[in-house]
Amino acid sequence: MTTRLPSTGAPEPATAPATTCRSDEVVVIHRLFRRLFAEAPALVRDVAPGDVARAGHVAKHLHGIIALLHVHHRTEDDYFWDRMTERAPACGLHVALMRRQHGAVSDRLDLADEPATSWAGEADAATAERLAAELDEVDRLLVEHLADEERDAFPVLDAILSDAEWDDIHKHAKRHKPPLPIFVLLGLMMESIPQSERDAWFEKELPAPIRVAYRLAGRRQYERAIRRLRPQATPIAVAATA
Ligand SMILES: [Fe+2]
């Protein structure tokens, strides 16, 4: 694993805790969000007007990914920005930008959440287009924010947070019940990992009981969900070992 240098404003290496690139673990989650929100507008536009059953499946998925992104950003808000302000005061502008971008994404997510509920009941074309347009805007804001965060905040956080603090953040994140079925989320997660790395990630990152449960039942649950979500596509998150 490489050690990334801070872009600007972080403490000198001699005074910062010795740490590796733990933010790489968050970058994996960012890949998932990029993928989920990039495909979301097309999922809505692909539903034929009046197809209430399919609109219901897609709306449920949208509520799930919206809640997931809210939880992710709240965790970052709770653990990152105050510490960055305190330990790397020169990064104040970056912290202000991150807080502002999180606020903007959060507002847009709420604007998409509401029409998703009404669209699920009617599957009408006008609400579908309003919802898809809100999701386009979420995607635009998110792509910009994630790039800024990875470039301007993560190198600093790698320099100022200890391994124990990163472990604590992970423990906190795991305490939340995921807003999507766990194996569907796991499958979507694996989709976002390059195929050449997928098997290794599956073996390294997941505890043995989860791997066994995924092989026995979880993979089928994920594949069923994907067929409902993207009827034309083949589920791709299949670790060769699964
Ligand atoms: Fe963020």
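Nothing in this text is a laboratory measurement; each read-out follows from the coordinates by a stated rule. Because the structure is predicted, anything quoted here is derived from the model rather than measured. Neighbour counts are summed over all protein chains in view; Cβ atoms, including those assigned to glycine, are modelled from backbone coordinates with ideal geometry.
Over all directions, how big on average is the projection of the convex hull of the alpha-carbon atoms in region 129-242, in square nanometres? Working shown, then result.
Numbers: hull surface 37.8 nm².
Mean shadow area of the hull around the Cα atoms is 9.4 nm².
Just subtract the alpha-carbon distance of E137 and L97 from 0.36 nm times their residue separation and send over the number in nm, one decimal.
On the way: separation 40, 0.36 × 40 = 14.40 nm, distance 1.80 nm.
Residue separation times 0.36 nm, minus the Cα-Cα distance, leaves 12.6 nm.
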(message) Largest first, please: the extent of the C-alpha atoms of region 181-242 along each principal axis, to the nearest Å.
(response) 31, 23, 16
(request) Calculate one ³J(HN,Hα) per residue across region 104-118 by plugging θ = phi - 60° into the Karplus curve 6.51 cos²θ - 1.76 cosθ + 1.60, and present them in order as whole Hz with x for glycine and proline. (result) 5, 5, 4, 4, 5, 4, 5, 5, 7, 5, 5, x, 4, 5, 6
(request) Assign unit charges at the C-beta atoms only (+1 for Lys and Arg, -1 for Asp and Glu), then state the dipole size of the chain relative to its Cα centre in Debye, rounded to the nearest 20. (result) 1020 debye
(message) Using each residue's phi in region 146-160, evaluate 6.51 cos²θ - 1.76 cosθ + 1.60 at θ = phi - 60° and report the 3J(HN,Hα) Karplus result to the nearest Hz, with x for Gly and Pro.
(response) 5, 5, 5, 5, 5, 7, 9, 9, 5, x, 5, 4, 4, 7, 9
(request) Express in nm, to one decimal, how much length is gained between T117 and A200 on full extension, taking 0.36 nm for each residue of separation and deducting their alpha carbon distance. (result) 26.0 nm
(message) Give me the Å³ per residue figure for the convex hull around the C-alpha atoms of region 23-179.
(response) 93 Å³
(message) With 10 angstrom as the radius, rank C91, C21 by how many other C-beta atoms surround their C-beta, starting from the fewest.
(response) C21, C91
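Add -39500 (n - 2.57) for each DSSP H run of 4 or more in the chain, then divide by its residues: what number comes out at 222 nm, to the nearest 500 deg cm²/dmol?
Working: 11 runs with 171 residues, N = 242.
Dividing the helical sum by the residues of the chain leaves -23500 deg cm²/dmol.
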(message) Of A96, P207, L68, which is farthest towards the positive pole of the chain's charge dipole, taken about the Cα centre with +1 and -1 on the beta-carbons of Lys, Arg and Asp, Glu respectively?
(response) P207
(request) Please turn the phi angles of region 59-75 into ³J(HN,Hα) values with the Karplus equation 6.51 cos²θ - 1.76 cosθ + 1.60 (θ = phi - 60°), one per residue in order, whole Hz, x for glycine and proline. (result) 4, 4, 4, 5, 4, x, 6, 5, 5, 5, 5, 4, 4, 4, 5, 5, 5
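If we count other beta carbons within 10 Å of each Cβ, what is the order of L97, L185, fewest first?
Details: L97 16, L185 20.
Ordered from fewest to most neighbouring Cβ atoms within 10 Å, L97, L185 come out as L97, L185.
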(message) With just the Cα atoms defining each centre, how far is region 47-88 from region 122-196? Give it in Å.
(response) 7 Å
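Multiply the residue separation of R230 and T85 by 0.36 nm, subtract the distance between their alpha-carbon atoms, and state the gained length in nm to one decimal.
Working: separation 145, 0.36 × 145 = 52.20 nm, distance 4.29 nm.
Result for the pair: 47.9 nm of gain on full extension.
Return M98, M190 ranked ascending by Cβ neighbour count within 10 Å, so the fewest neighbours appear first.
Going from least to most buried by this count: M98, M190.
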